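Let me begin by presenting the structure, written as structure tokens, before commenting on it.
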Amino acid sequence: MELKVGSKVCGFTVTRIREEKEISGRLVEMTHDHSGAGLVWVDNGDVNKLFSITFRTYPENSTGVPHILEHSVLCGSDKYPVKEPFVDLLKSSMNTFLNAMTFQDKTMYPVSSRNEKDFLNLTSVYLDAVFAPAILKNPNIFYQEGWHIEQGEDGKLSYKGVVFNEMKGALSDVDDFLTEEMISLVYPDNCYGVNSGGDPAVIPTLTYEEFINTYKRFYHPSNSLVFLDGAVPLEKTLTMIDGYLSNCGKLTDLPCFEYQKPRAAERTVDYALAESEELQDKGRLMAGKIFASCEDPVKSMAAAVMFNALTDSND
């Protein structure tokens with residue numbers, strides 16, 4: 001397919017084309033005419049075909065709602081009404097990558113395969129998952145993936161849930177726990193200051209209603225970016241994507257990101273030790289500083305390499 005700036009294809013308009021040596025091909029940018037969704041295609045002829053859709057998700061608290069949504073939308077949808085299509089795909093698909101990731105400011109759903117038919121099937125499952133999830137009709141998915149109360153054999157009640165248990169394990173690591181405390185201290189005024197994965201102490205305050213309202217706010221085509229990579233069957237893929245995006249209008253009130261103004265602060269926190277551990281020499285000292293923005297990726301990457309070399313080992 002010959003593409004040029006201004007070309008109309010399957011509900012999309014090509015807005016920019018750049019030749020990029022670093023990716024051994026060209027970067028094609030498009031906008032969906034009806035919804036305003038963005039799309040980027042790395043046209044490099046790679047036999048491994050990748051589809052990913054990402055939504056801006058800016059949490060306002062540490063209930064872990066973006067993380068719980070990431071798990072929950074992959075638990076069945078209108079077109080694929082099985083309990084765990086994600087698990088079924090892991091068993092039966094020829095995928096080269098299949099996962100979903102929650103970040104502090106976005107949630108990403110990438111899949112890839114070297115086989116065209118398999119790639120289209122994976123793309124279909126993921127599109128239906130994010131735009132027609134079973135969570136809208138079945139609240140039990142929220143209780144299963146988020147949190148619920150169980151009674152043990154001893155009669156005692158306790159909180160359970162896939163994400164609740166996962167984050168309970170994650171924050172049992174002292175370094176991870178203190179890193180979350182540091183981030184909340186440095187970023188008190190935006191989404192980076194809360195735990196997007198969820199704080200087990202806060203997760204049980206999340207209601208199903210808030211969960212669904214968050215889905216409706218963030219999981220809209222206007223708030224999404226589609227990323228394609230490799231020798232994808234472009235017309236088939238765009239037609240499939242257009243079938244979902246055209247069912248929604250264009251949002252004008254999109255989630256807004258707030259930059260954090262640097263500030264000075266300090267905090268002392270306690271963390272748990274095992275009963276067998278001695279208290280001596282267990283103190284930790286951490287220091288942090290905002291030194292760049294997302295608009296300066298070269299500086300950020302250089303600093304990450306430097307910090308890794310200086311401090312990211314026991315030596």
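All of the numbers you see were taken from the coordinates with simple rules; none came from a lab. Bear in mind the structure is a predicted one, so any value in this text is a computation, not a measurement. Neighbour counts run over all protein chains shown; Cβ positions are idealised from the backbone, glycine included.
Only helical DSSP H runs with n ≥ 4 go in: add -39500 (n - 2.57) per run for the chain, normalise by residue count and round the 222 nm mean residue ellipticity to 500 deg cm²/dmol.
Details: 9 runs with 98 residues, N = 315.
The helix-only estimate for the chain comes to -9500 deg cm²/dmol at 222 nm.
In degrees, nearest 10, range 0 to 90: what is the angle between the Cα axis of helix 208-218 and the longest Cα principal axis of the chain?
For 208-218 against the chain, the angle is about 50 degrees.
Would you list which aspartates and glutamates come within 19 Å of Lys4, measuring only between C-alpha atoms, while excluding same-chain residues fewer than 8 positions from it?
List returned: Glu19, Glu20, Glu29, Asp33, Asp43, Asp229, Glu235.
Decide, for the range 207-260, between rounded, prolate and oblate: order the square roots of the alpha carbon gyration tensor eigenvalues as a ≥ b ≥ c, take rounded if a/c falls under 1.5, and otherwise choose prolate if a/b is larger than b/c, else oblate.
Since a/c reaches 1.5 and a/b is larger than b/c, the shape of the range 207-260 is classed as prolate.
What GluC sites (Glu not before Pro) does the range 1-41 have in DSSP loop regions with at most 11 other beta carbons within 10 Å?
Working: sites: Glu2, Glu19, Glu20, Glu22, Glu29; in loops: Glu2.
Loop-located and lightly packed - Glu2.
Using θ = phi - 60° and the Karplus curve 6.51 cos²θ - 1.76 cosθ + 1.60, what whole-Hz ³J(HN,Hα) does each residue of the range 257-271 get, with Gly and Pro shown as x?
Listing the rounded values in order: 8, 10, 6, 8, 7, x, 8, 9, 6, 8, 8, 10, 10, 9, 9 Hz.
Relative contact order of the range 8-245, please, whole-number percent, based on alpha carbon pairs below 8 angstrom and at least 6 residues apart.
33
Given just the C-alpha atoms of the range 186-307, how large is their convex hull per residue in cubic angstrom? Provide the component values of the computation, followed by the final result.
Values: hull volume 30.4 nm³, N = 122.
Taking the convex hull of the Cα positions in the range 186-307, it is 249 Å³ per residue.
Straight-line reach from Lys49: which lysines fall under 16 Å, measuring Cα to Cα and dropping same-chain residues less than 8 apart?
Straight-distance partners of Lys49: Lys117, Lys236.
Of all trypsin sites (Lys or Arg not before Pro) in the range 191-264, which ones are in loop regions per DSSP and have a Cβ with at most 15 other Cβ atoms within 10 Å?
When the trypsin sites (Lys or Arg not before Pro) of the range 191-264 are filtered for loop state and at most 15 Cβ neighbours within 10 Å, Lys250, Arg263 remain.
Principal axes first, then extents: for the Cα atoms of the range 76-137, list largest minus smallest coordinate on each axis, whole Å, largest first.
Projected onto its principal axes, the Cα set of the range 76-137 covers 32, 29, 17 Å.
If you take the alpha carbon radius of gyration of the range 124-198 and divide it by 2.2 N^0.38 Å, what ratio comes out, to two decimals?
After normalising by residue count via 2.2 N^0.38 Å, the value is 1.45.
Pull up the cross-link candidates among the lysines for Lys156, meaning alpha carbon to alpha carbon under 25 Å and not fewer than 8 places away within one chain.
Counting by Cα, and skipping residues close in sequence, Lys156 has these lysines nearby: Lys168.
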